[in-house]
Amino acid sequence: MVDPLRARAAAERGLARVTGEALGPYQSAVVRIGFAGTWLFFLLREFPNRHELYGPDGPWSWALAKRLIATNHAFTVLMWSDATWWFEAVYVVSVLASALLVLGWRTRATSVVFMVGVLSLQNRSVFMGDGGDNVIHLMAVYLVLTRCAQVWSLDARRTERGGAGPAGPVLWGVLGAVFGYGALAGRFDALWAAAFGALWVGAGVWWLAGRYAPEGEGRALLDVLANLLHNAGMLVIMAEVCLIYATAGWYKIQGSRWQDGTALYYPLGLDYFTPWPGLSALLAGSGTVVMLLTYGTVAVQVAFPFTLFNRRIKNALLAVMMLEHLGIAVVLGLPFFSMAMIAADAVFLPTGFLVWLGARVALVRVRRGRTGPVAVAGAGAVGR
């Protein structure tokens, strides 16, 4: 029989922890770096092809995109103008926002710009994406809710040194002007206008409280709300990853192509998915290997959500899934899909491993005589 007093005490401790701190600081930092880095590398690799993918030379014209967006109400600032200079500006800003988010510079603002860049480009040409792009699309929205710069960021280092600077208010002022114009000109729906307005007002209230009442009750309340949003965002990210694997695994079970192994065998013979023809032929030539990879993939994906309550089994399956995605990147030539999925998997990495990894990276940097945006484990919450 459960002791009601102990149960109540446990519930109170859990509530105090959820409201009193932003949980998973290392996991949120890895997710931030992983998704921002993946999108950054993709934009840089496709820079010579940007006009064909998302710009004026693409098969999905600006007029077609405008007709589609009028029906599905997707958000993209690329519909504000069909001028080439506007597309170039959005693309370059997306690259800069991705790089700054990797570094963790003014993360509260750059995460919003990163989300705008991802949504704008992907919703401009809806037929250019794959599964990895869909994951980045979702995670870009969730990251805005998190305080993902508590560690391993320039924000954390600036907080340790007690600095502030005018860059934050200036950046939010520019963002307010841009999205204020978009709202007044009717460039996007009322829902998006309300969302961006709430983000802008929230950032302003946070800055005012931090500047004029850093020790007051108002700032304490804002900290509680920020922690709740962060923890809710991390919970949604974890649930999203579990949903991705669960649905993928159960759909594979129902498909005859995964039951007989052809879902893996056929791609190994396609030129588009064979960057290493010799390796692909070697794998496809062994029925045993194809069977093991096929059934192993399905088993791991179906089982993973059920292993979250057993730390050792979860960590073992997590390592297997990450190795699987590395194999997909090498064998099938899908590096960005694999990077996105590994970044999503990283939300379940154990804190001890991440702390050890951060310490090793910091040690390497010290040995090379350099310093960087690597925050120590005790870094407090910063402006996220």
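Remarks
- D223 passes every criterion in (1) free of Cβ contacts under 8 Å to residues at least 60 places away in the same chain; (2) under 25 Å from R17 (Cβ atoms); (3) surrounded by 17 or more Cβ atoms within 10 Å (Cβ to Cβ) apart from (1).
- Residue count, the stretch 84-113 (criterion: open to solvent by 30 Å² or more (accessible area, probe 1.4 Å) and not β-branched (V, I, T)): 11
- Matching residues, the stretch 100-123, being under 23 Å from W60 (Cβ atoms) and among the small types (G, A, S): G117, S120
- Selection from the stretch 32-46 of residues that are among the aliphatic types (A, V, I, L, M), under 13 Å from S94 (Cα atoms) and open to solvent by 20 Å² or more (accessible area, probe 1.4 Å): L40, L44
- Within the stretch 136-191, being acidic (D, E) and either assigned to a helix (DSSP H, G or I) or assigned by TED's automatic domain parsing to the domain that holds F35 (or both) holds for D155, E160.
- Qualifying residue in the stretch 148-156 (condition: at pLDDT below 95, touching an Asp or Glu at 6+ places or on another chain (Cβ under 9 Å) and open to solvent by less than 50 Å² (accessible area, probe 1.4 Å)): yes
- Residue satisfying all of: in the stretch 240-271; in contact (Cβ under 8 Å) with a residue 60 or more places away in the chain and in the same structural domain as M291 (by TED's automatic domain parsing); surrounded by the most Cβ atoms within 10 Å (Cβ to Cβ) among these: L268
- Cβ separations smaller than 8 Å between residues 6+ apart or across chains give the following pairs from the stretch 228-239 residues that are outside the structural domain of T146 (by TED's automatic domain parsing) and closer than 14 Å to R147 by Cβ to residues that are among the charged types (D, E, K, R) and open to solvent by less than 60 Å² (accessible area, probe 1.4 Å): H230/R147; H230/R384.
- If the condition is being outside any helix (DSSP H, G or I), within 18 Å of N134 (Cβ to Cβ) and either among the aliphatic types (A, V, I, L, M) or open to solvent by less than 20 Å² (accessible area, probe 1.4 Å) (or both), then the stretch 47-83 contributes Y54, A74, F75, T76.
- Any hit, the stretch 300-314, residues being open to solvent by 60 Å² or more (accessible area, probe 1.4 Å), in contact with a helix residue (DSSP H, G or I) (Cβ under 6 Å, 6 or more places away or on another chain) and assigned to a helix (DSSP H, G or I): yes
The values are calculated or read from the model by the stated rules, or taken from the named source; none is laboratory data. These numbers come from a predicted model, not from an experiment. Ideal geometry is used to build each Cβ from the backbone, glycine not excepted, and the neighbour counts take in all protein chains shown. Areas reflect the complete protein model, heavy atoms only, side chains present, ligands, DNA and RNA absent. Shrake-Rupley method; radii C 1.70, N 1.55, O 1.52, S 1.80 Å.
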